[in-house]
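Enquirer: My structure is below; once you've seen it, I'll send some questions.
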Amino acid sequence: IEKKQLLTELHESGICKIPNSLTFFIDPVRILNRNYTQFRVSPSSYYSRFFTSNFTIDELPNQEHKSENGDNFRVSASCGKRKRNQKKKKIQQCYPLNEKELLADQRHQEIRPLLVKAHEELLRAKELLDVICELNCEIEGWERCVDLNSGGINEEEEVSFIELGKVWQAPLYEIALDYTQANTQVQINGGSLDTQHVNQRLLPLFNNLVSNETNYDMVAEFQTSQYILPKDSCFYMSELEQIHTLVPGNGYANSECGFNFIMVDPPWENRSAYQKSKYPTLPNRHFLSLPIKQLTYTSGALVALWVTNREKLRKFVENELFPAWGVSYAATLYWLKVKADGSLICDLDLFHHRPYECLLLGYTGKPVTDSELTATGKSLKDQVVMTIPGDYSRKPPVGGIFILLFAASTENLLDLLLEYVPGPRPARCIELFAREMMAGWTSWGNEPLHFQDRRFFSRN
Ligand code: SAM
């Protein structure tokens, strides 16, 4: 495949299928930008962690893959400053594995060949690496709305919705939706405004479904900050206790029939989340009470759950969580994280910091049997997607990817996944514990506006 063709593919869809493989490289920024009409997610703010400005394609690392991992040992680094120094000196310590770690390692060894193969395919696709490198140049040339050299977005200036949602004034907070642009577009397109049309609407910010039902990006204001709401999107900002409001029949017209695509990225308890303290975490038992069954569309739903690589968590999901939600496991999507030069963000075999995360896919509602799926050629298969990661714990917009794959199916571009979503089209999608919004989606969590901050965007 010509470089130009790859470039076009990546530019147009944000997805590039590695030639002669089942592996995908994804540019999340381009996928996200399909949600917007007048704004663009700034690549320099999305990719602030892993793009380097002074790397050239000649410096591509010579990645060696070990076929064996010294089965009974893990490689680990110690904490703090010492950890960084030791890392620099490439000093690695070996500890014997305990029982759970052995099981986790076994799981890792089982999928390792799939990941190694996918990564090798990326490294062999020199044209694609060139194209990724060009993304880097694009970022440098981007008219920055954030000055990364001066430390990027200042977290202290950010509104903490998590904190605000807890104070006694929370029910009084209002967000102002600006309809000026949408009204202008209606007039430009020859429509006339009725008396109901206003240029600004004030709505309760918390425990309320806030929607942009127009076909245009909407700017919303809260306190001194602005937020960009994609076309045809809505959010419900609340704590876990209020999620039941979104269950069909509990109040909101647009959730009358439930959802047929449910994406969940729970705030699992783990050391990294605790140390970084970017958001609060919850003990596993809290997720058992998520009303997945009740949120499911009558004919069923595809459920996608992000999990960490900890064996204890994987066992909890398999033995307790999926059964409690009524989900039958179908396949796993592996998200392999690479740097701008195509190398993995860390060693594949580093025990506590794997360069990949797993999205478990399963069905809830009307059970879909394997034979049913196989008969229609729609049996879900494990797949690998590769991206350059964004901010801490920010997942690639997999939901967007599914929708895109579905949309792209008519062009025979990809092995579509959304066909596996039972029920109506367009799919009714909800993301639980969301930190951003997407067109056609309901985003629920205690900070779904987090990445919608105007400072992460630039105007077209
Ligand atoms: N998928 C998101 C992304 O890609 O950016 C990351 C989600 S993060 C793993 C989990 C989210 O759950 C955080 O935004 C956190 O604030 C939120 N959360 C934690 N406790 C919560 C609670 N009790 N109710 C609602 N949301 C909660």
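Enquirer: Which order do SER13, SER160 fall in if you start with the one that has the fewest other Cβ atoms within 10 Å?
Expert: Listed from fewest to most nearby Cβ atoms, that is SER160, SER13.
Enquirer: I need the calculated FRET efficiency for the pair VAL198 and GLN169, taking r as the beta carbon distance and R₀ as 30 Å, to the nearest 0.05.
Expert: That gives a FRET efficiency of 0.75.
Enquirer: Which length gain, in nm to one decimal place, applies between TYR329 and GLU99 when the Cα-Cα distance is subtracted from 0.36 nm times their residue separation?
Expert: Length gained, TYR329 through GLU99: 80.4 nm.
Enquirer: Can you list the HN-Hα couplings for region 97-107, worked out from phi with the Karplus curve (6.51, -1.76, 1.60; θ = phi - 60°), rounded to whole Hz and with x for Gly and Pro?
Expert: So the J values, rounded to whole Hz, are 7, 7, 4, 5, 5, 4, 5, 4, 5, 4, 4.
Enquirer: Okay, moving on. Between their Cα atoms, which of LYS126/LYS381; LYS117/LYS293; LYS293/LYS395; LYS126/LYS231; LYS17/LYS278 are more than 31 Å away from each other?
Expert: In this structure, LYS117/LYS293; LYS126/LYS231; LYS17/LYS278 lie more than 31 Å apart at Cα.
Enquirer: Among SER48, SER192, rank each residue by its count of other Cβ atoms within 10 Å, from fewest to most, as a rough exposure measure.
Expert: SER192, SER48
Enquirer: From the phi of every residue in region 6-12, what ³J(HN,Hα) in whole Hz does the Karplus formula 6.51 cos²θ - 1.76 cosθ + 1.60 yield, where θ is phi - 60° and glycine or proline is x?
Expert: 4, 4, 4, 4, 5, 5, 6
Enquirer: Exposure proxy check: PHE316, PHE456 ranked by fewest other beta carbons within 10 Å?
Expert: PHE316, PHE456
Here, each number is a calculation from the coordinates, and none is a lab measurement. Please read all numbers here as calculations on a predicted model, not as lab measurements. Every residue, glycine among them, receives a Cβ derived from its backbone with ideal geometry; neighbour counts consider all protein chains shown.
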